[in-house]
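Data block below; observations after.
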Amino acid sequence: MQKLDRIKNKFDKLKTNNKKGLITFVTAGDPNYDTSLEILKELPIAGADIIEIGMPFTDPMADGPGIQASYLRALEAGQTLKKTIGLVKKFREYNSDIPIVLMGYYNPIYKYGVEVFIRDIKVIGVDGLIVVDLPPEMDSELCIPAKENGIDFIRLATPTSGADRLPKIIRHASGFLYYVSVAGITGSKTPEITSIKSKIKIIRKFTKIPIAVGFGIKTPEQAVSIAKTADAVVVGSAIIDKINEAYKRDKNNIKLIAESSANLVKSLSLALKNDNNYTG
């Protein structure tokens, strides 16, 4: 089967149109399977360019309280890795165009079985993987087998990734590079624009693949500011917070919950699309 290259095609299209991408993160099965599917269906309509879907895990060490809580809600509602794959398969019945990236930790994938996991996600149209606790030294475990099956393996770089470390991080990275704009856990701090710009200049010396910046982006103003330097921005915790707030107001109102996240995504997307003063 020929690789569809949805991620590459998306970034190529954005570049042609002199626009920057909006990558949205939501947790599979949060707050439950049916609501999660409706949330996913709304994201492309609201303006998301790429969707990252979190695979719930009991010990998400890189994630802040908001995303940790979303994982717990999903797990308590019965979400499993198998159900997450089923959720993506169901979503693909509604949208076959938007790139989908699964994000999470290695333990559930290892328990599922790496070969079976790669086979199953390839069939349903997953485009990329982010596995936060698999360093480049373990690329043979999942990164290389995934890429051999046409699935991009997206690497994380951080403010502490030095010139000696970056070549190892980038060596097998594909799709895009995810730059973690602040040290620490997701949603915990506000990104500092000057330091992000400086770091991305350094990273671009090592790779030509697109660079997306995430962690701590909560407002359209922040998104626009960071997008001037990056190729895309990633927003996760702010979306998860909207889902949580709506769920607390009325946990049975699927439409309300889905619209709460979609409205934030719309505001972020409009801000990015209306800003033409890009320098990145």
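Every number in this text was worked out from the coordinates using simple rules, so none of it is lab data. Small disclaimer: the values here were computed from a predicted structure and weren't measured. Neighbour counts run over all protein chains shown; Cβ positions are idealised from the backbone, glycine included.
Data for the structure
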item: Size of the stretch 1-106 as Cα extents on the principal axes (Å, biggest first); result: 43, 28, 27
item: Amide H within-cut-off set for Leu177, under 5 Å, with H built and near neighbours excluded; result: Ile211, Ala212
item: Interatomic Cα distance distribution for the stretch 31-185, bins of 5 angstrom, percent; result: 2, 8, 18, 22, 21, 17, 8, 3, 0, 0
item: Long-range HN-HN contacts of Gly54 with modeled amide H, under 5 Å; result: Val26, Thr27, Ala28, Met103
item: Relative contact order computed over the chain (Cα-Cα under 8 Å; 6+ residues apart), in percent; result: 23 percent
item: Cα-only Debye scattering, the stretch 1-47: base-10 log of I(q)/I(0) at q = 0.25 Å⁻¹; result: -0.92
item: For the stretch 119-132, Karplus couplings with θ = phi - 60° (6.51, -1.76, 1.60), whole Hz, Gly/Pro x; result: 4, 5, 6, 5, 4, 8, x, 7, 9, x, 10, 10, 10, 6
item: Per DSSP, loop trypsin sites (Lys or Arg not before Pro) in the stretch 196-256 with at most 10 further Cβ within 10 Å; result: Lys205, Lys208
item: Kirkwood hydrodynamic radius of the stretch 141-263, Cα pairs, Å; result: 15.9 Å
item: The stretch 6-273: Rg to Rh, with Rh as the Kirkwood radius over Cα pairs; result: 0.93
item: Residue-span extension gain [Ile45 to Lys89] - 0.36 nm each, minus C-alpha spacing; result: 14.0 nm
item: Whole-percent pair-distance distribution, where bins are 10 Å wide, for the alpha carbons of the stretch 62-149; result: 15, 48, 33, 4
item: For the stretch 249-257, Karplus couplings with θ = phi - 60° (6.51, -1.76, 1.60), whole Hz, Gly/Pro x; result: 5, 7, 5, 9, 8, 4, 4, 4, 5
item: Using θ = phi - 60° and Karplus 6.51 cos²θ - 1.76 cosθ + 1.60, couplings along the stretch 268-274 (whole Hz; Gly, Pro as x); result: 5, 5, 4, 4, 5, 6, 8
item: FRET E, pair Ile144, Ile193, Förster distance 35 Å, beta-carbon r, rounded to 0.05; result: 0.50
